[in-house]
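Asks: Here it is: the structure, laid out below.
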Amino acid sequence: MNQILGECVGMTRHPARIPSDFKIRVAVLTVSDRASEGTYEDQSGPAVESGVIKYASESGNAVHVIAKKIVPDDESSISEAIRAWADMKDDDAPTMILTTGGTGFAKRDVTPEATKKVLDKMATALAACITLEATRFEPFSLLSRA
């Protein structure tokens with residue numbers, strides 16, 4: 001994840017630093033029926049968090065995971081969680097929200113649809129870059145609808 005994100009924001013090709021007074025505060029939303037019910041231990045959320053921590057360490061940028069949540073594969077639960085974080089107004093609000101899960105083709109995979117409901121603007125090129133870079137490690141990443 002850190003290598004993919006670094007490639008997509010140019011950190012490995014052009015090691016420009018984010019201004020030192022800018023803190024990236026990340027919220028990680030895991031979308032999983034089983035993990036939200038406690039019948040399955042979430043592995044993707046901790047993997048995303050680990051990637052963010054590694055990226056911060058390697059890039060020297062101030063990036064911190066400040067919030068984590070697990071919700072079921074339910075459009076309103078996903079949208080509500082994203083909206084709650086996005087609507088925060090204080091200095092502790094996340095500046096980046098990362099989601100994991102719910103991007104396949106099963107009927108309950110609705111993360112992209114739920115996310116689009118609360119977006120003001122889409123970063124489609126960044127999403128495309130992340131997907132393309134991810135194919136270097138996981139060829140099936142092209143089957144993601146994220």
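Asks: Test ILE82 against the stated conditions and say whether it is at pLDDT 95 or above and touching a strand residue (DSSP E or B) at 6+ places or on another chain (Cβ under 8 Å).
Replies: Yes; evaluated as a whole, the condition is true for this residue.
Asks: Would you mind finding the one in THR131, THR103, THR111, THR124 that is under 21 Å from ASP73 (Cα atoms), modelled with pLDDT under 90 and of a type outside the set (A, V, I, L, M, F, W, C)?
Replies: THR103
Asks: Let me ask something else. Which pairs do you get when a residue that is without any contact (Cβ under 8 Å) to a residue 60 or more places away in the chain, found in region 18-36, comes within reach of a residue that is open to solvent by 40 Å² or more (accessible area, probe 1.4 Å) and hydroxyl-bearing (Ser, Thr, Tyr), reach meaning Cβ atoms under 8 angstrom, with the pair 6+ apart or on two chains?
Replies: ARG34/TYR40
Asks: Where in region 49-146 are there helices (runs of 4 or more DSSP H), lying wholly inside it, with at least 3 residues that are among the β-branched types (Val, Ile, Thr) and open to solvent by 20 Å² or more (accessible area, probe 1.4 Å)?
Replies: Output list reads 124-134.
Asks: From the list VAL110, VAL65, which one is within 12 Å of the chain's Cα centre (by Cα) and either more than 17 Å from ALA146 (Cα to Cα) or of a type outside the set (Ser, Thr, Tyr) (or both)?
Replies: After ruling out the rest, the residue left standing is VAL65.
The values are calculated or read from the model by the stated rules, or taken from the named source; none is laboratory data. Note that the structure is predicted; figures quoted are calculated from it, not measured. Every residue, glycine among them, receives a Cβ derived from its backbone with ideal geometry; neighbour counts consider all protein chains shown. Side chains included, ligands, DNA and RNA excluded: accessible areas come from the protein's heavy atoms. Shrake-Rupley method; radii C 1.70, N 1.55, O 1.52, S 1.80 Å.
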